[in-house]
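Accompanying notes for the structure given below.
The values are calculated or read from the model by the stated rules, or taken from the named source; none is laboratory data. Here the structure is a predicted model, which is why all the values come from computation and not from measurement. Here the Cβ is made from the backbone with ideal geometry for all residues, glycine too, and neighbour counts use every protein chain on show. Heavy atoms of the whole protein, side chains included, go into the accessibility calculation; ligands, DNA and RNA do not. Shrake-Rupley method; radii C 1.70, N 1.55, O 1.52, S 1.80 Å.
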Amino acid sequence: MTVKRWFAGFFLLILMVTALFVNSILFSARSFQHNLASVAPQTGGVISIAELNRVDAEVTMLERQTAPQRGEAAQLEQQAASAQRDLDNARDALSALQARVLTQTSELETTAGITPAAASGDFNPVDVAQRLDRVTAQRATAVQTRDGVVAVRTDLGRIGDAELSLGPKEDDLARLEGEKRRAGEFVATSERSILGLKGQYGGDFQRIRNEARALIASSPFGVGEKLVGMHPTFLSTVLVCIMGALGALLYLFPAYLNPSSKILFADIVVRLVFGMVVALAFYIVANASLAGFAFVPGGDAGSASLNPFTVSLLGIIAGIMADDIAAWIHKRGRDILGGGASPDPVRPPAAAAPSGGGLANPRGSAADPYASAAQDARATHQAGPAPGDAPPKGGVVG
């Protein structure tokens, strides 16, 4: 291996590592913009990390300031619920006691031979007391009936005490409800402020904040933070060009590994730039949907809405197949401008790589880095062993 070839390989290696590093940052930033546009369409995929951090700080401050009120509101909610249960239980017990008194009074009237009074919707203790007085006034009232009247009068007294006890319970519940309402209004005001801040980024602020933090952590020197603030079309254009360079490097490595081809620094630079230019042209053609060619369904979607995987695929394919795609674009343009298809020009036969160096011609010549090894093997098989070569082990030369 010559010194020039070694340095050319080292140069290719540096270019490949650099392309991979730059592509990873660009792809991450463009993917963040694409996901942001799907979550918060109003942003268009463009975001200011500094503004996002400011909103995040304000949200955190509001949540910290309202933490005591949130705890108080939760405690008041529990106390009010407990007071409501106590009040409901007291009312249920009072209703059961009133129903029992009315039932016992009707039974005493029947026993005393008095027609029971018609049932009314409301419980009236005065009316029940008068009915008990009529039962007691009967001369034929038995002693057992008189004892029942005394028991019912005792229950009437308990009903009065129970009704009086409802007042403090209702007052306590009203006080707790008022305090809960005041604390809830304060918390609700804070919640509205927080929702207003988060609403700038759609309904998934937590996801956007986490992805932004991950992007900043994975990109050095704040590069990712600056990239996501750029226009998505510009970022997609840069991404497809860098991916075109990556595709050109994928083409150059097999050519370098072919011993019959001599790669020069000028070949590397020219092929790299050529891959980037063809990738950009191919990307523009794909977006314009020329001659019925469209990567986007409907052909009317802008480059800002393209998935970063699609953009990367276009760039890599264009970088590897730069010669074919350049010819294809040339033919499509000639068909459009000429008003119809015309025969392809006669191509001269492909020439092998010059002996003094230069990049192998990939268009099917003997110097094709992908085909030269197979062609050499076929030629050796057809020609047979050279005179003087030792016969292969395990066989006899015919």
Requested in this report: Using a 1.4 Å probe and counting only protein heavy atoms, arrange LYS180, LYS262 so the residue with the most accessible area comes first.
Outcome: LYS262, LYS180
Requested in this report: For SER165, put the label point 7 Å out on the Cα→Cβ axis and report which residues of segment 87-111 keep their amide N under 14 Å from it.
Outcome: 87-98
Report summary line: Partner aspartates and glutamates whose C-alpha sits under 13 Å from that of LYS331, ignoring same-chain residues fewer than 8 away, are ASP323, ASP344
Report summary line: With a Förster distance of 51 angstrom and the Cβ-Cβ distance between ALA327 and PHE221, calculated FRET efficiency to the nearest 0.05 equals 0.80
Query raised in the report: What net charge do the residues around PHE186 carry, taking every other residue with its C-beta under 12 Å from that of PHE186, with Lys and Arg at +1 and Asp and Glu at -1?
Result: +1
**Report entry** Proximal charge balance of GLY275 [Cβ under 13 Å; K/R count +1, D/E count -1]
**Finding:** -2
Query - Relative contact order [Cα under 8 Å, 6+ residues apart], segment 1-150, whole percent - result: 12
Report task. Excluding residues on the same chain fewer than 8 positions from LYS198, give the aspartates and glutamates whose Cα lies under 19 Å from its Cα. Result -> GLU51, ASP56, GLU58, GLU63, GLU211
Report task. With a Förster radius of 35 Å, plug the Cβ-Cβ distance of GLN206 and GLU177 into 1/(1 + (r/R0)^6) and report the FRET value to the nearest 0.05. Result -> 0.60
Report summary line: Summing +1 per Lys or Arg and -1 per Asp or Glu among the other residues with Cβ less than 12 Å from THR105's Cβ gives -1
Report task. For LYS262, list the lysines whose Cα falls under 24 Å from its own Cα; do not include residues on the same chain fewer than 8 positions away. Result -> LYS4
Query - Chain lengthening between ALA137 and ASP92 when straightened (0.36 nm per residue, less Cα-Cα) - result: 12.9 nm
